[in-house]
Number of protein chains: 2
Amino acid sequence: MGFMSFFLGEKKSTASVAKERLQLILAHERNGRGASPDYLPQLQRELLAVISKYVAINPDDIKVHMERQDDLEVLEVKIELPEGRKP
Amino acid sequence: MGFMSFFLGEKKSTASVAKERLQLILAHERNGRGASPDYLPQLQRELLAVISKYVAINPDDIKVHMERQDDLEVLEVKIELPEGRKP
């Protein structure tokens with residue numbers, strides 16, 4: 001439930017711009033079990049490739065943001081979908 | 001920054017269980033432009049297939065949750081990674 005209100009709040013702040021958006025967040029919690037292979041960048045590329053099979057994505061409209069804190073690694077990808085995508 | 005603290009807060013509440021976790025959230029904001037094809041379920045399957053190339057996933061450890069509100073559709077996938085994954 002928490003994440004729903006998070007996205008609703010974020011949506012409200014940009015409601016004036018009538019764009020369609022897709023947002024992907026991948027969070028990896030390691031729990032201090034030592035170095036795992038850092039596969040997130042490669043995984044991110046593959047996830048974007050999958051998404052682009054379903055929606056037309058302009059690479060310029062993709063914003064990627066990664067944060068690390070303690071054992072938590074969060075990758076955020078925001079995509080603005082192009083206008084006139086309706087059939 | 002907002003989503004980072006969201007995940008950190010969620011992590012804290014389950015810190016006693018030393019599991020490694022992966023969480024995927026996909027949010028689709030339609031902005032009232034009519035019915036788009038509902039590709040999220042199929043997209044979700046493909047995203048999981050990509051993730052399982054990188055981490056060993058037990059299907060029993062995957063929890064999928066979807067919510068809709070107004071023009072916002074949020075898909076959440078939580079995965080508990082198996083123990084002893086270290087090389």
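Values in this text are rule-based calculations from the coordinates and carry no lab data. Computed from a predicted structure; not experimentally measured. Because the Cβ atoms are built from the backbone with ideal geometry, glycine has one as well, and the counts that use them run over all protein chains shown.
Quick notes on this one:
- Evaluating 6.51 cos²θ - 1.76 cosθ + 1.60 at θ = phi - 60° for every residue in the stretch A:55-71, the Karplus couplings come out as 10, 6, 10, 8, x, 5, 9, 9, 10, 10, 9, 10, 9, 10, 7, 6, 9 Hz, glycine and proline recorded as x.
- For the axis carrying chain B to chain A: nearest C-beta residue of B, whole Å: B:I25, 2
- Each copy carries B:D61; placing its label point 7 Å along the C-beta direction from Cα gives inter-copy distances of 3.6 nm, listed from smallest up.
- Distance violations [Cα-Cα > 20 Å] among A:K63/B:K63; A:K53/B:K63; B:K53/B:K78: A:K63/B:K63; A:K53/B:K63
- Ordered by the number of other Cβ atoms lying within 10 Å of each residue's own Cβ, fewest first, A:K63, B:K78 fall into the sequence A:K63, B:K78.
- Here's how it looks for B:V55: its modeled amide H is under 5 Å from none belonging to a residue 5 or more places away or on a different chain.
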